[in-house]
Amino acid sequence: MKQIIAEILMPLALDKPYSYVVPAHISLAEGDVVLAPLGVRETFGVVWRLFEGDPAKLKPISKRVDAPNFSENLRKFLDWIAWYTLAPRGSCLALALRPPELDRVDNIRLGVRLAGPPPARMTAARQRVLEAAEGGMLHTKRALADMAAVSTSVIDGLIDEGTLETLAMAPPPIADEPKPDFAVPELSPEQKKAADYLRAEVTKAKASVTLLEGVTGSGKTEVYFEAVAEAIARGKQTLILLPEIALTAQFLDRFSRRFGVRPSTWHSGVGGRKRERLYAATASGEARVIAGARSALFLPFKELGLIVVDEEHEAAYKQEDGVHYHARDMAVVRGRIEQCPVILASATPSIETRVNAERGRYGRVHLPERFGGRILPKITPIDLRKNQPLAGRWLSEPLLNAIRETVAAGEQALLFLNRRGYAPLTLCRSCGHRYECPNCSTWLVEHKYRRALVCHHCGHVERRPDNCIECGTVDSLTSCGPGVERIAEEVAEIFPDVRRIVLSSDMPGGTERMRQELEAVAAGEFPIVIGTQLVAKGHNFPGMTLVGVIDADVGLTSGDPRASERTFQLLQQVTGRAGRGERAGRALVQTYQPEHPVISALISGDADRFYREESRVREYAVLPPFGRLAALIVTAREREAAEAHARLLARSSQPPAGVMVLGPAEAPLFQLRGRYRYRLLVKTERAVQIQAYLREWIERTEKPKGNVRVTIDIDPQSFF
DNA sequence: AGCACGCCGACT
DNA sequence: GTCGGCGTGCTC
């Protein structure tokens, strides 16, 4: 006998849905959430497919759950992610499925309002309560008491008298309606042009990707807010993705100044009841604009009209455990599936996004200047070969002079060095022993004030010994190279009377202390600030007229294929901090290699050229005769296997020029039934050829059971 | 993800 | 002799 069979996908590490029979009394649609027996327990799952067939000995579904339906688009999106990342489909479902609480108790809040005649005994306190309750509005007890400046017992008394009554309050609206015309800003001609372009994309309601590029202060946010306004006006929902740290009160305030209300926010910190209601409000369409971290990508939007990915180059968009994905790429894909435009906003776009824009795959709008007349700082290199600081010193004469001038003028100088601690290396003068981490074989970083040697990789800490642990020589340890603490020490020697502060992520006292210190810096309390990359982002320091980069070469030598790109972005951000009001600041960049592409691009301000060069270099790196093969691995424990595999490759009949084994961060190479999958970074005409070669090679040497898929790509859209 | 089964080390 | 560690494998 034929019956209705449902294929249910469970939010577990299972790639395939399981089949159940649908009992006659349950009516189901594809995308519905159900409860079904699995092993000895019951599990939530989503109906992935319904069909008629022979129930054989299938177990029946337990019940249909009252939860938002997974639209066809959402299911398609999750299937796509599973395919692209090679993660089990169930794991991808787990990103989107909130286990519904079956027996949820609506914790109804009680409200009070005016109901009867005034009390027989009137007092001053009671009078104030009655005035506050004027109009018959429903208030919570607490709110009414606060308004009348009385304690809640006065209100209790009035309830007993029958003057006030209590009744259940509707839960507060989870999502206020943003008003697209609340405060329409005045835009510069360039901003207007960009905003018009983006508005037009929203109006078309078709899949598109646009890179919105503009330096800090150029008004990117105001511009994309216009696109958001257009989406709101058209009754569509908007998703604004932000790196988790950027979800600050500052952003929310900015939004509410433009739209009159704060957007709904979604991030890992939103929990419990609120999370559940926001989820439902997204599905019903009640939530018009969601600002969220990467997990917001998986919300069940009803009618998505626009996705904005702010700071698209941020590494925080990479999900590194469980399902590996890059939220920016997934946003592009979701836009494609939902047929809505995607805006990628950044002052320093990632290479792949730039390349996609340059090749015409993505549209591009550019905001060339700072809004409000702010001028970009003048950036000057200091060639350390010609201006060598004294031994054990790190500040060159030109930089010292600039600091002197700045301090004398009552302005602020920022000395930037992206290295925490006192010295990156400690060694013994007598035997040459280097102090390395027992777990990571990286150098231990000296932290002088903590009298410790710390591994910045794994967190390992040990006491800094007085005598060498290797040869026992007394007082023989020497600190090599500078960290911010050491720069602070030098500053203290040269400018003993000037207040200074070190800002780095290991500041004791937690976020509260950090917030206070940042405010003090912004208020101009410290003429000299020494900081790590922490100072490059977010916080604005209005009195900063000088930025000194202590060592621009830090980070250029690491084996990371993104080293150049990251360094360029970081230096561009940090030098951009210089300037006050309409006055341009200056940035002095100490370097041993002023002709290095990163440094010269930074100094000339020619970002375009840098990115063009860099993408060419990268393309070369993966091109034949199979240039470098990027073997990308998933987990640390698979690294060894991948490296062994890479060595094998190197000995093959057509060896690659080199093999890069990257961490899981860049793009996923996942284990496929015990085999590895490779992904190259750049798509070219040779891609198909390389792909075929690799497939053949892998089959010859590895004899994998499943299909070997080799994907070569930088634009996720090209995978459709 | 749970929860079974299962195979080796320290205990009442 | 059992209790219990977590490695491996399965769940329609």
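Values for this structure:
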| quantity | calculated |
| --- | --- |
| Residue check, A:GLU7 within 8 Å of DNA strand C (Cβ to nearest atom), surrounded by 15 or more Cβ atoms within 10 Å (Cβ to Cβ) and not aromatic (Phe, Trp, Tyr) | yes |
| Residues being within 16 Å of DNA strand B (Cβ to nearest atom) and either within 35 Å of the chain's Cα centre (by Cα) or crowded, with 16+ Cβ neighbours inside 10 Å (or both) - total across the stretch A:44-61 | 3 |
| Odd one out for A:PHE526 among (1) in contact with a Lys or Arg (Cβ under 9 Å, 6 or more places away or on another chain); (2) at pLDDT 85 or above; (3) open to solvent by less than 10 Å² (accessible area, probe 1.4 Å); (4) closer than 27 Å to A:HIS456 by Cβ | (3) |
| Residue tally, condition within 16 Å of DNA strand B (Cβ to nearest atom) and outside any loop (DSSP other than H, G, I, E, B), over the stretch A:1-19 | 3 |
| Test result for A:THR265, among the β-branched types (Val, Ile, Thr) and crowded, with 19+ Cβ neighbours inside 10 Å | yes |
| A:HIS460 being open to solvent by 40 Å² or more (accessible area, probe 1.4 Å) and in contact with a Lys or Arg (Cβ under 9 Å, 6 or more places away or on another chain) | no |
| Matching option when the condition is in the same structural domain as A:MET544 (by TED's automatic domain parsing) and farther than 25 Å from A:VAL521 by Cβ, among A:PRO438, A:PRO381 | A:PRO381 |
| Residue match in the stretch A:37-49 (condition: outside any loop (DSSP other than H, G, I, E, B), away from DNA strand C (no atom under 12 Å from the Cβ) and at pLDDT 95 or above) | yes |
| Some residue of the stretch A:381-403 being among the acidic types (Asp, Glu), surrounded by fewer than 23 Cβ atoms within 10 Å (Cβ to Cβ) and modelled with pLDDT of 95 or more | yes |
| Residue ID - farthest from DNA strand B (Cβ to nearest atom), chosen from residues in the stretch A:34-43 that are surrounded by 10 or more Cβ atoms within 10 Å (Cβ to Cβ) and of a type in the set (A, V, I, L, M) | A:VAL34 |
| Residue check, A:ASN467 more than 35 Å from the chain's Cα centre (by Cα) and within 15 Å of A:LEU588 (Cβ to Cβ) | no |
| Among residues of the stretch A:13-33, those that are open to solvent by less than 70 Å² (accessible area, probe 1.4 Å) and within 12 Å of DNA strand C (Cβ to nearest atom), counted | 6 |
| Hits in the stretch A:490-499 (condition: open to solvent by less than 60 Å² (accessible area, probe 1.4 Å) and either modelled with pLDDT under 90 or touching a Pro at 6+ places or on another chain (Cβ under 9 Å) (or both)) | A:GLU490, A:PHE495, A:VAL498 |
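The values are calculated or read from the model by the stated rules, or taken from the named source; none is laboratory data. Owing to the predicted nature of the structure, the values given are computational and were not obtained by experimental measurement. Cβ coordinates were reconstructed from backbone atoms using ideal geometry, including for glycine residues, and neighbour counts include every protein chain displayed. Calculation scope for accessible area: heavy atoms of the full protein, side chains included, ligands and nucleic acids excluded. Shrake-Rupley method; radii C 1.70, N 1.55, O 1.52, S 1.80 Å.
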